[in-house]
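Heads up, the thing below is written out as structure tokens.
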Amino acid sequence: MTATAARSGFLLCEACYLLNRGTGGGRHLSCARCGAGLHVRKPGSITRSWAFLIAATILYIPANVLPVLETNSLGVARSDTILSGIVHLWQTGSWLLAVIVFVASMVIPAAKLVSMSFLLLTAQRRSTWRPEQRAKLYRATHYIGRWSMVDIFVGAVLVAMVQLKAFASIEPGPGAVYFAAVVILTMIASRCFDPRLTWDPLDSRHE
């Protein structure tokens, strides 16, 4: 039998991480230390995570199709999407930067969408398949999500630094807004997901 805090009558506070002794199924309980509401599992975890993830998936398309940077140097205008910017960096010899932008701006967001979809599907179906590996996948997904903002940070720095009026200027394109929204929505989706749902089917299987 797997020993869980919920089965033993304990509830973890999500605000201060104090382990509280819970009664009455964890309904209308408050943390003894900070007074935050306690729940056996995050309310509506799967539904809310799906909502944010689907929104992020929809916005992922314009984030990659629309330009993220619009530059004007000596009267020559140029608009770059994430992919065209990566190609330009590669062709001009900035291979390392091209790889970093490719991984941070394309691989990580796409991988996070896929991994979160997998975690939600398996939790929703109460799968008992390799829970330890799925728990590690969630931790990795939750951790690396913030690094996909590297492209936005680089763009923001360039916009702030390269403003030479008539000689050169850089402005963020509409794709940057969509890309930032994708990153934020996937981070919220992973935050809403309750990883303890991965272990619940193992616990109920022994009841």
Selection status of LYS136, in the same structural domain as ALA63 (by TED's automatic domain parsing), at pLDDT 75 or above and charged (D, E, K, R): yes
ALA77 passes all but one of (1) exposed (fewer than 13 other Cβ atoms within 10 Å of the Cβ); (2) within 20 Å of ALA189 (Cα to Cα); which number fails? (2)
Could you please find all residues in region 11-45 being more than 24 Å from SER190 (Cβ to Cβ), at pLDDT below 85 and touching a Leu at 6+ places or on another chain (Cβ under 7 Å)? GLY22, LEU29
Hits in region 45-71 - residues which are exposed (fewer than 15 other Cβ atoms within 10 Å of the Cβ) and either charged (D, E, K, R) or in contact (Cβ under 8 Å) with a residue 12 or more places away in the chain (or both): VAL65
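Does region 82-134 hold any residues that are assigned to a loop (DSSP other than H, G, I, E, B) and without any contact (Cβ under 8 Å) to a residue 24 or more places away in the chain, and which are they?
Scanning region 82-134 gives THR92, GLY93, SER94, ARG125, TRP129, ARG130.
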Return yes or no: is PHE102 modelled with pLDDT of 80 or more, surrounded by 16 or more Cβ atoms within 10 Å (Cβ to Cβ) and within 24 Å of ILE61 (Cα to Cα)? yes
Can you tell me how many residues in region 19-35 are among the aliphatic types (A, V, I, L, M) and surrounded by 15 or more Cβ atoms within 10 Å (Cβ to Cβ)? 1
Can you work out which of the residues in region 189-207 that are part of a helix (DSSP H, G or I) and surrounded by fewer than 18 Cβ atoms within 10 Å (Cβ to Cβ) is modelled with the lowest pLDDT? ARG205
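The values are calculated or read from the model by the stated rules, or taken from the named source; none is laboratory data. Please read these numbers as outputs of a predicted model, since none were measured by experiment. When we count neighbours, we look across all protein chains shown, and the Cβ atoms used for this are built from the backbone with ideal geometry, even at glycine.
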